[in-house]
Amino acid sequence: MRLCSIASGSSGNCIYIGSDATHLLVDVGISGKKAEAGLNYLDLTGADIDGILVTHEHADHISGLGVMARKYGMPIYATKGTIKAIKECSSVGKIEDSLFREVKEDEKLMIKDLTINPMKISHDAAQPVGYRVSYGKKKVAICTDLGHFTDYTVECLRGMDALLLEANHDVNMLQVGPYPYHLKQRILGDRGHLSNENSGRLLSRILHDNLQAILLGHLSHENNLPELAYEAVRMEITLGDNPYNASDFSMQVAKRSEPTPVVNIA
């Protein structure tokens, strides 16, 4: 099983998860050309993709969705609310109804040999979800765009072998930065985005001996820096109420506009 962030950040998101037989994208918030280049990096093409899992309808998650779906006839998996919102988004263009597949939170579905289990997240979108994907006993999760986490979130993310988790902003950078007040409040709110510190706090509750890889994703271009996210999360883990040090785990920051090294889940 493989996990690769093709692009992750406030400017666009596209994640690959796959087995030898099944290849999926989580979101296509980058151009079709960039998505294709990312797949080529993985020795794949759009024709190999078995489906696109959409987390929610914001532009940085669906801007290239219409192009890829129309070109390759890729099935699009999303919640009922997200599907409705995508259809109302003129910039995506017309997508045939037959390509949409409705998913429901906490209801598993199979795509060939991969099991998909959507989870609820708190974000200011129609009906957003994160995704847990398993192949046999191997499990990975993509969880970004959540303003806060709860015990439910923790339970959903327990036992993962690899995880891409949001570390969106440094609170101080956001507070003193150029964003208007209402946007700062939105990002800091319960339906906004997870800060570096809260990302580390969530991780501290789900760490276990067999967690093979952590990717920090969806960093804000204006309100974060990769090295700041990395160090802040590591500090929360090392100082947090858990038996681990950050150095016990493989952690990397997903790159904004190019593929991050592939995570092979043993």
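The values are calculated or read from the model by the stated rules, or taken from the named source; none is laboratory data. Predicted model only: the values in this text are computed from it and were never measured. All Cβ positions, glycine included, derive from the backbone under ideal geometry; neighbour counts span all protein chains shown. When the accessible area is computed, the model is the full protein with side chains, heavy atoms only, and any ligands, DNA or RNA have been set aside. Shrake-Rupley method; radii C 1.70, N 1.55, O 1.52, S 1.80 Å.
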Exercise for the section: Give the stretch 120-132 a look and list any residue that's under 12 Å from the mean Cα position of the chain (by Cα) and either assigned to a strand (DSSP E or B) or of a type outside the set (Val, Ile, Thr) (or both), or say none. Expected result: Pro128, Val129, Gly130, Tyr131, Arg132
Practice task
Kindly check whether there is at least one residue in the stretch 196-212 that is touching a His at 6+ places or on another chain (Cβ under 8 Å) and within 14 Å of Cys143 (Cβ to Cβ).
Solution key: yes
Exercise for the section: Name the single residue, out of those in the stretch 76-128 being free of Cβ contacts under 8 Å to residues at least 12 places away in the same chain and under 19 Å from Tyr152 (Cβ atoms), that is surrounded by the fewest Cβ atoms within 10 Å (Cβ to Cβ). Expected result: Glu107
Problem - Index of the failed condition, Tyr181 passing every other in (1) among the hydroxyl-bearing types (Ser, Thr, Tyr); (2) open to solvent by 20 Å² or more (accessible area, probe 1.4 Å); (3) touching a strand residue (DSSP E or B) at 6+ places or on another chain (Cβ under 6 Å) - result: (3)
Handout entry: Those residues of the stretch 129-145 which are open to solvent by 50 Å² or more (accessible area, probe 1.4 Å) and farther than 23 Å from Gly200 by Cβ, in sequence order
Key = Tyr135, Gly136, Lys137, Lys138
Handout entry: Check on His148, farther than 19 Å from His221 by Cα and either among the aromatic types (Phe, Trp, Tyr) or open to solvent by 60 Å² or more (accessible area, probe 1.4 Å) (or both)
Key = yes
Problem - Scope the stretch 16-57; condition within 23 Å of His221 (Cβ to Cβ), touching a Gly at 6+ places or on another chain (Cβ under 8 Å) and not charged (D, E, K, R); matching residues - result: Tyr16, Leu25, Val28, Gly29, Ile30, Ser31, Gly32, Ala35, Thr55
Handout entry: Qualifying positions in the stretch 168-178 - open to solvent by 80 Å² or more (accessible area, probe 1.4 Å) and touching an Asp or Glu at 6+ places or on another chain (Cβ under 9 Å)
Key = Pro178
Exercise for the section: Would you check if Gly200 is in contact (Cβ under 8 Å) with a residue 12 or more places away in the chain and open to solvent by 10 Å² or more (accessible area, probe 1.4 Å)? Expected result: no
Practice task
Among residues belonging to the stretch 170-187 that are without any contact (Cβ under 8 Å) to a residue 24 or more places away in the chain and among the aliphatic types (A, V, I, L, M), point out the one that is nearest to Gln127 (Cα to Cα).
Solution key: Leu183
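Tell me, yes or no, whether the stretch 67-74 has at least one residue that is among the β-branched types (Val, Ile, Thr) and more than 11 Å from the chain's Cα centre (by Cα). Break it down into steps so the answer makes sense when it comes.
In the first step, residues of the stretch 67-74 are kept if they are among the β-branched types (Val, Ile, Thr); the result is 67.
Now narrow it down to the ones that are more than 11 Å from the chain's Cα centre (by Cα): 67.
Yes, some residue in the stretch 67-74 is among the β-branched types (Val, Ile, Thr) and more than 11 Å from the chain's Cα centre (by Cα).
Take the residues in the stretch 1-55 that are small (Gly, Ala, Ser), open to solvent by 30 Å² or more (accessible area, probe 1.4 Å) and modelled with pLDDT of 95 or more, then tell me which one is nearest to Asn117 (Cα to Cα).
So the first thing to find is which residues in the stretch 1-55 are small (Gly, Ala, Ser), and the list is 5, 7-12, 18-19, 21, 29, 31-32, 35, 37-38, 46-47, 51.
Next cut, open to solvent by 30 Å² or more (accessible area, probe 1.4 Å) only: 10-11, 21, 31, 37, 47.
From the residues that got through so far, the ones that are modelled with pLDDT of 95 or more too are 21, 31, 37, 47.
Working: Ala21: 19, Ser31: 27, Ala37: 28, Ala47: 24 Å.
Per the stated criteria, the residue is Ala21.
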Fill in the blank from the handout: Of the residues in the stretch 234-266, those that are acidic (Asp, Glu), open to solvent by 60 Å² or more (accessible area, probe 1.4 Å) and more than 22 Å from Lys139 (Cα to Cα) come to Asp241, Glu258
